[in-house]
Amino acid sequence: MEMLTTAKRFDGKPELATAYRVVYRVDSLNAEANAAMGADRQAAHEYREAARHYRRVAEAHPSDPSAWENLGNALALIPDLKSASGPLQTAIDLGAQSDEVFINRARAYRAEGEKKMAASILNFLLGRNPRDYL
């Protein structure tokens, strides 16, 4: 079953998924392998494992907003909003613009008791697209 999940995640190319696993076994700090493994674990709803892989990617590429966004979003899905707060804010500071990163940052603000900050993010998203599901 795990191989099927991995194969689907990599567009039906089980060889690619297997190659990433081999690279990861040889070099557990390889950012590309960790990004692939993180995506696979997130698709399998194994958010703690996904966050572990994404943390390695963020450490290897600290100026990449998507690395921090993936880490923050995985942590938010655990849910560990306290730990997600920093990576999500870093992603936003570096230019991440996805709805998911903003929504999860608003959730983290709310968990921190910063309801005005959470509301300001949601207002920003509604202003960006008033017909959105929000």
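The values are calculated or read from the model by the stated rules, or taken from the named source; none is laboratory data. Please read these numbers as outputs of a predicted model, since none were measured by experiment. Cβ: placed from backbone, ideal geometry, glycine included. Neighbour counts: every protein chain shown. Ligands, DNA and RNA are excluded from the accessible area calculation, which covers all protein heavy atoms including side chains. Shrake-Rupley method; radii C 1.70, N 1.55, O 1.52, S 1.80 Å.
General observations
- For segment 124-130, Karplus couplings with θ = phi - 60° (6.51, -1.76, 1.60), whole Hz, Gly/Pro x: 4, 5, 5, x, 6, 8, x
- Accessible area in the full protein assembly, largest first, 1.4 Å probe, for Lys115, Lys82: Lys82, Lys115
- Other residues with beta-carbon under 10 Å from the beta-carbon of Leu94 carry, at +1 per Lys or Arg and -1 per Asp or Glu, a net charge of -3.
- Rolled with a 1.4 Å probe across the full set of protein chains, the surface gives Leu77 an accessible area near 70 Å².
- Heavy atoms of the protein chains alone define the surface here; on that basis the chain has 58 Å² accessible area per residue at 1.4 Å probe size.
- Convex hull volume of the Cα atoms of the chain, normalised per residue: 108 Å³.
- What a 1.4 Å probe finds exposed on the chain is 54% carbon and sulfur by accessible area, rounded to a whole percent.
- Charge tally for Leu126 (other residues, Cβ to Cβ under 12 Å; Lys, Arg +1; Asp, Glu -1): 0.
- For Arg107, solvent-accessible area (1.4 Å; no DNA, RNA or ligand), Å²: 90 Å²
- Tensor-based shape of segment 58-134 (alpha-carbon gyration tensor, a/c under 1.5 rounded, otherwise prolate or oblate): oblate
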